[in-house]
1. Among the residues of region 126-137, are any over 17 Å from the mean Cα position of the chain (by Cα), more than 30 Å from Glu237 (Cβ to Cβ) and either modelled with pLDDT of 95 or more or not hydroxyl-bearing (Ser, Thr, Tyr) (or both)?
2. Within the bounds of region 238-260, is there any residue that is acidic (Asp, Glu) and within 22 Å of Trp188 (Cβ to Cβ)?
3. Restricting attention to region 8-54, which residues are in a strand (DSSP E or B) and in contact with a Gly (Cβ under 7 Å, 6 or more places away or on another chain)?
4. Given the criteria over 21 Å from Ala242 (Cα atoms), touching a residue at least 24 places away in the same chain (Cβ under 8 Å) and touching an Asp or Glu at 6+ places or on another chain (Cβ under 6 Å), does Lys33 qualify?
5. Could you say whether any residue in region 154-167 is in contact with an Asp or Glu (Cβ under 8 Å, 6 or more places away or on another chain), in contact (Cβ under 8 Å) with a residue 40 or more places away in the chain and not in a loop (DSSP other than H, G, I, E, B)?
6. Taking the residues in region 43-102 that are acidic (Asp, Glu) and open to solvent by 30 Å² or more (accessible area, probe 1.4 Å) as candidates, determine which candidate is nearest to the chain's Cα centre (by Cα).
7. Out of Arg180, Arg249, Arg187, Arg175, I need the residue that is over 25 Å from Pro272 (Cβ atoms), in a helix (DSSP H, G or I) and open to solvent by less than 60 Å² (accessible area, probe 1.4 Å). Which one?
Amino acid sequence: MSKEVMIVTGAGQISLAIARRMGRGKKIILGDKSKENAAAIADILTKAGFDVEPVVMDMSDRASIQAMVEKAQSCGEVTAMVCGAGVSPSQAPIEVILKVDLYGTAVLMEEVGKVIARGGVGVVISSQSGHRMPALTPEQDRALAMKPTEELLSLDFLQPDKIRDTLHAYQLAKRCNEKRTMYEAVRWGERGARINDIAPGIIVTPLAIDEFNGPRGDFYKNMFAKCPAGRPGTADEVADVAELLMSERAQFITGATFLVDGGATASFYYGPLQP
């Protein structure tokens, strides 16, 4: 029997939390580069009553993304997408961060946007990090939003000699996610669908624990200690926002970015986290 289909990338805690909220009654195609991670999260969901099929998918490879989308289409009408895949500054070099978090996310939005059903909806998980670097020029922002996807990584300001370190690469990637979401919202809107971006702060996940124990661990611990919330967040708190954005209550919201960071960005500009 044909079902509505939800594409989820990134077999992590945030993707899991959103899938549990929004995947009821849908066929969930869960993509991750790690076969083991995809199988583990799929097992949790299956044992909770969800219909999940894990697939091995590489966010840095267009053909791999296309294959996942084709798989989803073979199961029914694609009505939802969650882009939760990515690598962190402590997990990968500059080139990989740009290829996965920047290019791959743009490709996923583009490919799903070609098939998303009327009334469909997507959420992209970016990061508060996109708000924590100096403003780009209007021309640079426009290029991140609108440059043909296969030309994105050739942009002058994304070349390795222009990028200070992996954190800077990550910030650029997340800025691109937000700008690209705005651009794709126009294209998705032509199909009667919506897409929005969620920019989480420090959320306790295995990825975040890698950061806590990495070279910037003290930086991250200081960040959540001095934000208004005074603590890191949980995946379920991100899912609370995703649930709203993917529901019928958010019909007038598309192309937007929602900070879910406990006020860390506010503190960075106007509080004790100021550089």
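The values are calculated or read from the model by the stated rules, or taken from the named source; none is laboratory data. Predicted, not measured: the structure shown is a model, and the values here were computed from it. We place every Cβ from the backbone using ideal geometry, glycine too, and count neighbours over all the protein chains shown. Surface accessibility is based on the protein's heavy atoms, side chains included, excluding ligands, DNA and RNA. Shrake-Rupley method; radii C 1.70, N 1.55, O 1.52, S 1.80 Å.
1. Yes.
2. From region 238-260, those acidic (Asp, Glu) are 240, 243, 248; that's our starting set.
Of the ones still in play, those that are also within 22 Å of Trp188 (Cβ to Cβ) are 243, 248.
Within region 238-260, one or more residues are acidic (Asp, Glu) and within 22 Å of Trp188 (Cβ to Cβ).
3. Going residue by residue through region 8-54, those that are in a strand (DSSP E or B) are 8-9, 27-32, 51-54.
Val8, Thr9, Lys27, Asp32, listed by residue number.
4. Numbers: over 21 Å from Ala242 (Cα atoms): yes; touching a residue at least 24 places away in the same chain (Cβ under 8 Å): yes; touching an Asp or Glu at 6+ places or on another chain (Cβ under 6 Å): yes.
Answer is yes for this residue.
5. Initially, region 154-167 is screened for residues in contact with an Asp or Glu (Cβ under 8 Å, 6 or more places away or on another chain), giving 160, 162.
Within this subset, residues satisfying the condition of being in contact (Cβ under 8 Å) with a residue 40 or more places away in the chain are 160.
With the extra rule that they be not in a loop (DSSP other than H, G, I, E, B), the set shrinks to 160.
Looking through region 154-167, at least one residue is in contact with an Asp or Glu (Cβ under 8 Å, 6 or more places away or on another chain), in contact (Cβ under 8 Å) with a residue 40 or more places away in the chain and not in a loop (DSSP other than H, G, I, E, B).
6. Just the residues of region 43-102 that are acidic (Asp, Glu), to begin with: 43, 51, 53, 58, 61, 70, 77, 95, 101.
From what's left, open to solvent by 30 Å² or more (accessible area, probe 1.4 Å): 43, 51, 53, 58, 61, 70, 77, 95.
Values: Asp43: 22, Asp51: 22, Glu53: 20, Asp58: 14, Asp61: 16, Glu70: 20, Glu77: 22, Glu95: 18 Å.
Only one residue fits best here, namely Asp58.
7. Values: Arg249 fails: open to solvent by less than 60 Å² (accessible area, probe 1.4 Å); Arg187 fails: open to solvent by less than 60 Å² (accessible area, probe 1.4 Å); Arg175 fails: over 25 Å from Pro272 (Cβ atoms).
Selected residue: Arg180, the only one of Arg180, Arg249, Arg187, Arg175 that is over 25 Å from Pro272 (Cβ atoms), in a helix (DSSP H, G or I) and open to solvent by less than 60 Å² (accessible area, probe 1.4 Å).
Results for (1) open to solvent by less than 30 Å² (accessible area, probe 1.4 Å); (2) not hydrophobic (A, V, I, L, M, F, W, C), shown as yes or no for each residue.
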residue: Lys114; (1), (2): no, yes
residue: Ala117; (1), (2): yes, no
residue: Val121; (1), (2): yes, no
residue: Gly130; (1), (2): yes, yes
residue: Leu136; (1), (2): no, no
residue: Glu139; (1), (2): no, yes
